[in-house]
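K.L.:
To start, I am sharing the structure in question, which I have written as structure tokens.
Just so it is clear, none of the values below were taken in a lab; they were calculated from the coordinates. As the structure is a prediction and not an experimental result, all values here were calculated from the model. Cβ placement follows ideal geometry from the backbone for every residue including glycine, while neighbour counts extend to all protein chains displayed.
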Amino acid sequence: MYASREDIGYDFGDDSKVGSKPIKPNPNIDGGWAWMIVLSSFLVHILIMGSQMALGILNMEWLEEFNQSRGLTAWVSSLSMGITLIVGPFIGLFISMCGCRTTAIIGGILNALGWILSAYASNVHYLFLTFGVTAGIGSGMVYLPAVVMVGQYFQNRRALAQGLSTTGTGFGAFLMTALLKYLCTEFGWRNAMFIQGAISLNLCVCGALMRPLSPKELREKYVVGNDSEENRAKALSQSTETIKSNGVLGEEPEKKEETANEEVLGSVQHIEIGGKSGSGRSMYGLRLFKTVSQLTVTVRKGFALWYSSYFGAASLFTNRVFVAFIIWALFAYSSFVIPFIHLPEIVKQYKLSRQDNVFPLTSIIAIVHIFGKVILGIISDLPCISTWNVFLMANFTLVTCILTLPLMQTYIGLAVVCALIGFSSGYFSLMPVVTEDLVGTKHLANAYGIIICANGISALFGPPFAGWIYDITQKYDFSFYIAGLLYMVGIIFLLIQPCIQKKQSRHKSTEEAQV
């Protein structure tokens, strides 16, 4: 399956066909059930990302219970966070074959199972398997569909919708920190994890709300989106040039495959009609054969879309700006995760526990993070503002805060820096928007799966690395400095690659003009 111009999500100036037949906007696009999708995604972020941001509470309990090093114990939280994101590309395959709703419901059950089994942990290595791997895979199976569904249901308010839904991370970090503190104090950490597992079953309800759009509704979204001057102005010029340089990809293989699939199903229906006069047993066998054939066709189509996105002619890796985006993601997420995991220990080291108990620093990040996502989303939706520029400015602010944090040794200073970290990290709500601008709605699930996979690798190694540095130096300073410098390298890739692409495009245009 290959991407067309409409699939990529950009308009190249050919509006003749679209403009001839006005299309009535679908009420569920940018409204109606779309807001139920935002609510579902909001609750998913509370239950998954919010819980993971509160793992610093459980990390301290595990340190006391199992008496292991900080570096080894931090692997439990890192595995959960990292695997949630690393499995993104494979969850994209599940979505292509089963749809977002089924994938999310299965993931909710798996996530709850991971929490409940972790309550019976006898050592840290047991938690690696139950909480890190089992709960992590379940979280990934719910998280990616929650993001993708918002992208499918919104066209003109994408940044705002993603901002509202992802504020669940901030709300969740604040609520789950308080909840886990209370549960651990009153019932112990084992019962706290058991209760949290029961709460996580609500992810299945969130998945049930993810009603898929029909192919007709998706086509209407593409047509209306391409006909909107506002959306054309918002598209990233760098990625437009990249896609132009890759050429227009045909859709003949996709048509041939669909024809073959229709022939298979048609032959089955013909056999079924011809065998109506046969026995009940043979009819049952024909119906079973028809069901298996339909399932096979669905799996083939889903796998073909997934495979073509990664390895086919429509490979996402031919988009150089998207590749730079992946490199940035490899370094970025650990800079946000490390403070959440290790701030409770830093506060204890600086003897600031009394002030932190009144208002935890992680809660400050979480609360301001909520406002950051909404405000940055609103700003990015303004016609005169580039989402890409807002995204870069927020990244610069965050890396500055990460490098400054070790210099602050008072509660007020740490609180100010944590507030800035919370606000600037609101750019997470823009990541799906930037990704969709780069590759289009059709490939959003696979592309965003790659991005969160890179983020997962960053989250997987970040906290253990910080704990390992602490075990050597007995200070967290170098952990933040190294993480900040690596983050800066990723930002430089985001700045350089679009400039190179733009320069190459201008040079090519000049040569064509001379010819």
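K.L.:
Just the C-alpha atoms of the stretch 319-441: what Rg/Rh do they give, with Rh taken as the Kirkwood radius?
P.N.:
1.03
K.L.:
Note down the net charge around TRP189, summing +1 for each Lys or Arg and -1 for each Asp or Glu among other residues with Cβ under 13 Å from its Cβ.
P.N.:
The answer is -2.
K.L.:
Rounded to the nearest Å, what's the spacing between the alpha carbon centres of the stretch 464-490 and the stretch 354-382? Just the number, please.
P.N.:
24
K.L.:
Quick one: what does P(r) look like for the stretch 29-212 with 10 Å bins over all Cα pairs, in whole %?
P.N.:
Pair shares across the bins are 11, 39, 33, 14, 3, 0.
K.L.:
If R0 is 35 Å, what FRET efficiency do you get for LEU39 and THR410 from their C-beta distance, rounded to 0.05?
P.N.:
That gives a FRET efficiency of 0.30.
K.L.:
Something else now. Between CYS384 and ILE496, what length comes free when the chain is fully extended (0.36 nm per residue of separation minus the Cα-Cα distance, one decimal in nm)?
P.N.:
Taking CYS384 through ILE496 to full extension adds about 38.0 nm, to one decimal.
K.L.:
So, one more: Could I have the simple spin-label model distance between THR296 and GLN474, label points 7 Å from Cα toward Cβ, reported in nm to one decimal?
P.N.:
With each label placed 7 Å out from Cα toward Cβ, I get 6.8 nm.
K.L.:
In nanometres, what is the gap between the two model label sites at TYR481 and ILE327, each 7 Å from Cα along Cα-to-Cβ?
P.N.:
Distance between label points: 2.5 nm.
K.L.:
Take the Cα of ALA198, step 7 Å along the line toward its Cβ, and report every residue of the stretch 139-177 whose backbone nitrogen sits under 19 Å from that point.
P.N.:
Inside the label zone: 176-177.
K.L.:
A follow-up question, please. So, counting K/R as plus one and D/E as minus one, what does the shell of residues with Cβ under 10 Å around LEU164 add up to?
P.N.:
Value of the local net charge: +2.
K.L.:
Given a cut-off of 22 Å, name the pairs among LYS181/LYS351; LYS348/LYS373; LYS351/LYS475; LYS348/LYS475 whose C-alpha atoms lie farther apart than that in the structure shown.
P.N.:
LYS348/LYS373
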